[in-house]
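Where a number appears in this text, it was derived from the coordinates with a stated rule and is not lab data. As the structure is a prediction and not an experimental result, all values here were calculated from the model. Cβ atoms come from the backbone with ideal geometry, glycine included; neighbour counts cover every protein chain shown.
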Amino acid sequence: MPEPVIETTQLRRVFKSRKREVQAVAGVDLTVSQGEIFGFLGPNGAGKTTTLRMLTTLLPPSGGNARVAGFDLLTQPAQIRERIGYVGQAGGSDREITGRRELVFQGRLYGKSLAAATSRAAELIEMLELENCADRSTGTYSGGQKRRLDIGLGLVHDPQLLFLDEPTTGLDPQSRARVWDEVRRMHDRGTTVFLTTHYLDEADALCDRIAIIDYGKIVAEGTPEELKRAVAGDVVSLSIDGDQQRALDVLSDEPFVRESRLEDGAVLLYVDRGEVAMPAILRLLDGSGLRLVTIGLHRPSLDDVFLRQTGRSLREVAA
Amino acid sequence: MKLLRDTWLVFGRYFGLLIRNPVWVALGVLQPLLYLILFAPLLQPVAALRGFPHGGAYNVFVPGLLVQLGLFSAAGVGFSLIAELRAGVIERLRVTPVSRVALLLGRAARDVISIVAQSLILILLALPFGLSVHPVGVVIVLALIALTALLTAAIGYTVALWVRSEDSYAPIIFTSSLPILLLSGVLLPLGFAPQWLRTIAAINPLSYAVEAARAVFNDQISDPSVIKGVTIMLVLTVLAVFMGARAFGRAVA
């Protein structure tokens, strides 16, 4: 088996402010294999970006260690930098400089000659469909154009491993879909992609494997399917005419209901077998004089996984 | 070699930003002109006062103005860095293999060159007013100004990387550079000052730069104060660049 692209052991980061110590990352063990799209999922402030910044040599760990792209994070950061690309949340292009100039400059920083950097820039401009704006300063770019340029800056040296920090946050749905396409194309070329997100659908649609982080600790790791399967059974969602809390009170103590909660004005019940639970639910509601408005049965989503692991809904904390 | 190449690349980026902005170029030329037109006429009567050094008004004041230009122009460099920190530019550069010393030196070289160019303009414009200086003296003074500017810029960038916000940067830089300037004898020679002020000035490195510049403009290039001023500035500049490069290596933002 080939060496993993990323392997961390008890990676930790403590931030000190005045008297308080905050553990942003509290001992993370991760393994990312060559060629996969790895999603790092968690609410804001969970430690996603801090972990990413340590793995990209931007921030020294307070404890633990990692191997990234075959090199030791603590002793060989220079070798790691040559092999990874990084696209931060803020992007990192200058408003006053044209996209093409930024790409050429970036290529030069990786040691390319002017000619090589210029032709690589042209290649990326074509690949990312930036022809229309490449020679304008980046201050005039739309959100989607700017994000594609940011990705181009991370790809200039054709890295074996690309880090993307919340690549689609703040983008419109169309630009978001294009970024997804780009990530899939990198994947097809064999690049390993490590991305953070707080969008569940993004992690579900894009990632081969996912780790969920909360309060600086990994709470679950696996393929989206594995994680969803771990939340055994089905989810029944229903709403009644009136106060939803009353329906929750009636149903939550039943033996076939494993977990229950209110969300977005609906009652969610986690049950072992949906088809058995449904008739019982209908009888109970009827017997209590509650009038059903909607009822549905579905497989667990990643949000259900997150809720189970952390006791909170990711949608609530991300909002 | 990598350091030189990287410094050249980083310099090219920031110098390009400077010259593509004609407003800054125009302001850079205008500033020394304003000093000469609006400030120099005040000097003539002062030069006649007792205790005023020899050499005529312009030969005493122009060196001070030059040092002031070097200090104040370079003190503001941190603002652009803070804007770049916010836009993620610095973080993006730090993930590349680029030398951290080059990240500092490349941009500081841009600042130094623009300040030296302004200084040269100021010297040339002052010649018709009665400034007289030996060409070798001009070179020495420009080197002094370059050191002053590089020292100040390195400190400015370091502070900017520490505080990471304009709201903290502005008061720190301006409340510290003002006393340094006043206690260097830039505005009026310290010959006028009471003893306690002169004592404080003696530990102000900038006063040695001013003294050296004045000696040069007074046709005393071989005066020991010249080599003393240059050496002090050189040592401090090397320390500041080292500190600034470390700050670039550690920058968190």
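General remarks:
- Long pairs among A:Lys16/A:Lys217; A:Lys16/A:Lys228; A:Lys19/A:Lys48; A:Lys48/B:Lys2, criterion Cα-Cα beyond 29 Å: A:Lys16/A:Lys228; A:Lys48/B:Lys2
- Angle between chain B longest axis and helix B:2-19 axis [Cα atoms, degrees, rounded to 10]: 70 degrees
- Residue by residue along A:90-99, Cβ atoms of other protein chains within 10 Å of the local Cβ number 5 on average.
- Across the stretch A:196-209, computed HN-Hα scalar couplings (Karplus, 6.51 cos²θ - 1.76 cosθ + 1.60, θ = phi - 60°) run 9, 7, 10, 9, 5, 5, 5, 4, 5, 6, 9, 9, 6, 9 Hz from first to last residue, x flagging Gly and Pro.
- Inter-chain Cβ neighbour count for A:106-114, averaged per residue, equals 4 (cutoff 10 Å, partner chain atoms only).
- When B:Ser207, A:Ser288 are arranged by Cβ crowding within 10 Å, least crowded first, meaning fewest neighbours, the order is A:Ser288, B:Ser207.
- Put simply, the amide H of A:Glu263, placed in the peptide plane, has neighbours under 5 Å in A:Leu268, leaving out anything fewer than 5 places away on its chain.
- Within the shell defined by Cβ-Cβ distances under 14 Å, the residues around B:Phe11 carry a net charge of +3, with Lys and Arg each +1 and Asp and Glu each -1.
- Distant-in-sequence amide contacts of A:Val219, defined by a placed amide H-H separation under 5 Å and a gap of 5 or more residues or a different chain, comprise A:Ile212, A:Ile213, A:Asp214.
- Amide H contacts under 5 Å for A:Glu36: A:Val193, restricted to partners 5 or more places along the chain or on a different chain, H placed in the peptide plane at 1.01 Å from N.
- Averaged over residues, the count of other Cβ atoms within 10 Å places the peptides A:102-112, B:169-179, A:175-185 in the sequence A:102-112, A:175-185, B:169-179, highest first.
- Comparing A:Val219, A:Ile240, A:Ala24 along the charge dipole axis of chain A, the residue lying farthest to the positive side is A:Ala24, per the Cβ-charge model.
- C-alpha long axis of helix B:166-182 to longest principal axis of chain B, angle in °: 20 degrees
- Cα gyration tensor shape for chain B, rounded if a/c is under 1.5, else prolate or oblate: prolate
- Degrees separating the helix B:56-75 axis from the principal Cα axis of chain B, which is the longest one: 20 degrees
- Cα gyration tensor shape for the stretch A:232-299, rounded if a/c is under 1.5, else prolate or oblate: prolate
- Gyration tensor (alpha-carbon) shape descriptor, chain A, a/c threshold 1.5: prolate
- The spacing between the stretch A:267-285 and the stretch A:170-211, judged by their C-alpha centroids, is 35 Å.
- Peptide A:71-82 shows a mean partner chain C-beta count of 1 within 10 Å per residue C-beta.
- Point-charge dipole on Cβ atoms (K/R +1, D/E -1) for chain B, about Cα centre, debye to 20: 660 debye
- Each residue of the stretch B:22-28 was assigned a 3J(HN,Hα) from its phi angle through the Karplus expression (A = 6.51, B = -1.76, C = 1.60, θ = phi - 60°), giving x, 4, 5, 4, 4, 4, x Hz with x at Gly and Pro.
- Pairwise centroid distance, computed over Cα atoms, of the stretch A:63-110 with the stretch B:138-210, Å: 36 Å
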